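J.: Before I ask anything, let me first share the structure, which is written out below as structure tokens.
The values are calculated or read from the model by the stated rules, or taken from the named source; none is laboratory data. Since we're looking at a predicted model, the values are computed, not measured. Positions of Cβ are backbone-derived with ideal geometry, glycine not excepted, and every protein chain shown enters the neighbour counts.
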Amino acid sequence: MEENKYIGKSTVRIDGKAKVSGAAEFIDDLDFGPDLLYAAIVESKFAHAIINKIDTSEAENIPGVVKIVTGKDFPFRFGLYMHDRFIFAQDRVRFVGEQIGAVIARDAATALKAAKLVRVDYTELPAILNVEQALAKDANLIHPELRHYKHVPWFFPKSDTNIAHLRKVRKGDVEKAFKESDFIFEDTYTVPRYAHCAIEVHGAVGLYDNSDRLTVWTASQSPYTQRNLFAEALAPLGLSHKDIRVITPFIGGGFGGKAGVSMEILGAALATAVKGRPVKVLWSRAQEFYNTYQRQGLTARIKVGLKKDGTIIAMDNILNWDAGAYVEYGANVVNAAGLSASGPYNIPNVSIDSVCVYTNLPPGGPYRGFGYSEFLFGLESHLNEIAKKMKIDPIQLRRKNAIREGDILNYGGKMNANGLIEAIDKVEKEIEWGKKETSSDPNKAIGKGIALFWKAPAMPPNASSSAFLKFNEDGSINILISGMEIGQGLLTVMAQIAAEVLTVPPEKIRVETPDTDRNPYEWQTVGSHVTWGCGRAVESAAIDAREQIFDIVERALGKDRKSLYLENESVKSKTDNNFSLKLCDFIIAGIQKPDGSYRGGPILGRGMFMPEFTSALSDPETSQGGHPNVHYTVGASAVKIEVDKQTGKVKIPKVVLAVDVGKALNPDLINGQITGGLLQGIATVLYEDMRFNNKGKLINPNFTDYKIPTSMDIPDEIVPIIIEVPQPDGPSGARGVGEHTMIPCAPMIANAVDDALGIRIKSMPITAEKIALSVKHS
Amino acid sequence: MRQEIKFKLSGEAIALEVNPNEVLLEVLRDRLGAKSPKCGCDKGDCGTCTVMINGKTVRSCLVLAIEVDGQEVVTLEGLMDSGLTPLQKSFIEHNSFQCGFCAPGMILSATELLAKNQKPNKHEIQEALSGNLCRCTGYTPIIDAIEAITK
């Protein structure tokens, strides 16, 4: 194989200088001039209530107030996968903090002051704050109109219940397999809600100008999906897609929280209420916690049947998800997790019910890992319990059952090529598995834990990516994509992919954040799919440009195009060693013929990618028949912890993570995903936790009370291990990796705590307090 | 009652009238256009609004503008009189930042550390950065970049 020049190299980020110099602009850094208006939100005080009356008269009298809008001004439903939301609450509120109306004013302080003077008269309804209440017989319905909601064909809502979607997986004969099992182990594991905590809050600025054009600047992972949903939701106002423009500057962290459409709909809608003037909605840190997507809570009952030798032959999982007040995005988390909740194992007989349950808590939605972190906590904890009871080494148990290429997936498809066994072997060696370690401090215990992971992108079957590639006079390149730079390094890797094809170094390639008027379509930057999907689009745009270059050289100079190749930014010929033509000499100007005329013109590459082999159509009772997932990325992770037996405090001397990335396009950026993802995952298990009071109000919506890790909380040593079993349809064999580095953290630490202390904690988070109390009571 | 304050912003003499309740962060961003300090939490938890007053880092969301009367305020913009600093270059070389939102505050905290202590050990670096939250990187690549130029 030819040596790559740019692919596989740890190129420095092409946005590095913008970010360390302060030049990178985020939504709140953009200047909209003295005409800018500010909106403040009138929010629900109750988790569940009927709105009887809204009195805005007092607020309207505040000087500086320009306009007040409420639900009656926007009676339009919207949602990504299910239309179960309104822009503002209509007759009913379903969570504390839900938007009821907005005050638009000359300045933010006035808007906020006036919003507090809007009087809302409610009739409080019983609030449903957990899945048990929601699933109880005769439970109040949070969405009585569920049967009328428009949704994607792969959702199966249960009318007249609080079940918004039920994903059922049935493979093999589970009942028979349990009868044939030598051992059956069943347990229940719970995971609370979590917050993304991007350091930048959500924001949107909308301008509906007097030519009827709506421009919305958003902090977003999904500019095109936003444009589409804005167009759908605001269609009654006469807006079409071409009239709507979404511009996304750099975003200060996404992690799924800025995917889809949450508060950004307010920027679009409010702009139409104050035509001709820009209006800004910027969330406070508290709103960021309680009125964006949250990671959904999960109660997982897991039942596993095995033969004496440790072969898993049956699994029956019931996953009840606390999906919150609206599930327009979150129901797809439930769906994706349901399809894969048997983990990276080859299990012939599987039954899974993944249940999306409405509650009166804030809307659930995508969060790095998309449901996999949640079910893997239970599954990977449970496998260790099984190994202990069967006296099998937990790594041996996993290796024995690990899924391999060609094994049948839960929906009937075949598992892709993967390096799972290699990952297990390398992690086992690096963490010195089997070597018992004791602390010199008698108050401290050392333990080791392992967890495997897998995840597939969760995408509609027609999710696609596209790219334009423009050459400039000096041979430099601008690439236009709508994949979003959310910190992962997408811009850099896209430049590397084009560089490899066109032999133009990445530092001569500029890739910028999207503007839907200028940059071509991308579905969304989610699911760890853009390196793969958008990468394929960029690769094909570069190939398209290269073919145009060869075409011009052939037409103008009579060179046989089959002999032509690119090297060091020049066209060369395999049959004529003396021929060399610099790209910058003709990629705009063309090539001059002896008669003075020119051949050629600006080189403009176009690329597109859609995974045409996928399908979401399958039997609703079994999930058999479709091909919902494009591929799985797999890996293994292990940790060594030191626990203080008295305080329960956990220190992490070492953590190892091996992930099969297919091909590491930029190893340094992958290592960045590993160090970052691990710490984010470790925090979910050791201290983060959303706490709601008995009225459904979030009581820790700030960084004082919801602790995220600081530089003092990092593991002493992190060993990233990159495995490369190529993904045949990926750019240079690459597959996604962004989410995967977070998802094994919770169970591997739970397993390490058990190894250190002999204590199995089955509910996240595993705080110092919980450990200390468990030690005391054991 | 508005009050005139005079201070230096990254070397430039500034005189302007502020309300006593105006916060330094707002004045820097909205009235003077210094956008590198960002608002992440508005209560001193996250450190993205970090600026220097007389060489010491502060959370500008917790400082009233009138307090900087007669002081020297430096934002990230003010570090780059002769181009990127060696520290900034090291951050680029190490791909230290991902989304980059925390970078301005983080760089000021690291700059303050290196002004006081040219050979900090890893623990001292961790302590110096502990008031600046980063959700993307796991801090390690940031610490590595600082260690690289102090060895």
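J.: Looking at the structure I just gave you, is A:E688 assigned to a loop (DSSP other than H, G, I, E, B) and within 14 Å of chain B (Cβ to nearest Cβ)?
T.: yes
J.: Among the residues of the stretch A:4-37, how many are of a type in the set (V, I, T) and away from chain B (no Cβ under 14 Å)?
T.: 1
J.: What do you reckon, is A:V655 within 11 Å of chain B (Cβ to nearest Cβ) and either assigned to a strand (DSSP E or B) or on the phi > 0 side of the Ramachandran plot (or both)?
T.: Numbers: within 11 Å of chain B (Cβ to nearest Cβ): yes; either assigned to a strand (DSSP E or B) or on the phi > 0 side of the Ramachandran plot (or both): yes.
Yes.
J.: So, A:A40, is that one touching a strand residue (DSSP E or B) at 6+ places or on another chain (Cβ under 7 Å), modelled with pLDDT of 95 or more and either over 24 Å from A:E288 (Cα atoms) or within 10 Å of another protein chain (Cβ to nearest Cβ) (or both) or not?
T.: Details: touching a strand residue (DSSP E or B) at 6+ places or on another chain (Cβ under 7 Å): yes; modelled with pLDDT of 95 or more: yes; either over 24 Å from A:E288 (Cα atoms) or within 10 Å of another protein chain (Cβ to nearest Cβ) (or both): no.
It is false that A:A40 is touching a strand residue (DSSP E or B) at 6+ places or on another chain (Cβ under 7 Å), modelled with pLDDT of 95 or more and either over 24 Å from A:E288 (Cα atoms) or within 10 Å of another protein chain (Cβ to nearest Cβ) (or both).
J.: Here's a follow-up. Go over the candidates B:V18, B:V63, B:V23, B:V58 one by one and state the one that is among the hydrophobic types (A, V, I, L, M, F, W, C), surrounded by fewer than 24 Cβ atoms within 10 Å (Cβ to Cβ) and within 14 Å of another protein chain (Cβ to nearest Cβ).
T.: Checking each option against the conditions leaves just B:V23.
J.: Taking A:L383 and the conditions (1) assigned to a loop (DSSP other than H, G, I, E, B); (2) modelled with pLDDT of 95 or more; (3) over 22 Å from the mean Cα position of the chain (by Cα), which numbered condition does it fall short on, given that it satisfies the others?
T.: Checking A:L383 against (1) assigned to a loop (DSSP other than H, G, I, E, B); (2) modelled with pLDDT of 95 or more; (3) over 22 Å from the mean Cα position of the chain (by Cα), the one that fails is (1).
J.: Quick check on this structure: which one of A:T767, A:T710 is more than 25 Å from the chain's Cα centre (by Cα) and closer than 26 Å to A:G253 by Cα? Give the steps one after another, and end with the answer.
T.: Working: A:T710 fails: more than 25 Å from the chain's Cα centre (by Cα).
Step by step, each of A:T767, A:T710 is checked, and only A:T767 is more than 25 Å from the chain's Cα centre (by Cα) and closer than 26 Å to A:G253 by Cα.
J.: Being assigned to a helix (DSSP H, G or I), modelled with pLDDT of 95 or more and not assigned by TED's automatic domain parsing to the domain that holds A:G489 narrows it down to one residue among A:G696, A:G677; which is it?
T.: After ruling out the rest, the residue left standing is A:G677.
J.: Just one of the numbered conditions (1) part of a strand (DSSP E or B); (2) more than 19 Å from the chain's Cα centre (by Cα) is not true of A:G267; which one?
T.: Here A:G267 clears every test but (1).
J.: Right, here's the next one. Out of A:I509, A:I543, report the one residue that is surrounded by 18 or more Cβ atoms within 10 Å (Cβ to Cβ), assigned by TED's automatic domain parsing to the domain that holds A:E473 and among the hydrophobic types (A, V, I, L, M, F, W, C).
T.: A:I509
J.: With the structure loaded, tell me whether A:D517 is charged (D, E, K, R), touching a strand residue (DSSP E or B) at 6+ places or on another chain (Cβ under 6 Å) and not in a helix (DSSP H, G or I) or whether it fails that test.
T.: Details: charged (D, E, K, R): yes; touching a strand residue (DSSP E or B) at 6+ places or on another chain (Cβ under 6 Å): yes; not in a helix (DSSP H, G or I): yes.
Yes.
J.: Within the stretch A:54-140, considering only strands (runs of 3 or more DSSP E) that don't extend past its boundaries, which have at least 2 residues that are among the acidic types (D, E) and under 23 Å from A:K695 (Cβ atoms)?
T.: Working: elements: A:65-70, A:99-105, A:119-124.
Of the strands (runs of 3 or more DSSP E) lying wholly inside the stretch A:54-140, those with at least 2 residues that are among the acidic types (D, E) and under 23 Å from A:K695 (Cβ atoms) span A:119-124.
J.: Kindly indicate which of A:K470, A:K426 is closer than 30 Å to A:K649 by Cα and surrounded by fewer than 24 Cβ atoms within 10 Å (Cβ to Cβ). I'd like the intermediate steps shown before the answer.
T.: On the way: A:K470 fails: closer than 30 Å to A:K649 by Cα.
Answer to the check: A:K426.
J.: I'm told B:L87 meets every condition in (1) facing another protein chain (nearest Cβ under 9 Å); (2) touching a helix residue (DSSP H, G or I) at 6+ places or on another chain (Cβ under 7 Å); (3) among the hydrophobic types (A, V, I, L, M, F, W, C); (4) under 24 Å from B:D42 (Cα atoms) except one. Can you identify the failing condition by its number?
T.: Here B:L87 meets the rest and fails (4).
J.: Can you pull out every residue in the stretch B:26-46 that is of a type in the set (K, R) and at the interface with another protein chain (Cβ under 9 Å from one of its Cβ atoms)?
T.: B:R29, B:K35, B:K38, B:K43
J.: Also: Return the residue satisfying two criteria in turn: it lies in the stretch B:125-148 and is over 18 Å from the mean Cα position of the chain (by Cα), in a helix (DSSP H, G or I) and within 13 Å of chain A (Cβ to nearest Cβ), and of such residues it is surrounded by the most Cβ atoms within 10 Å (Cβ to Cβ).
T.: B:T140
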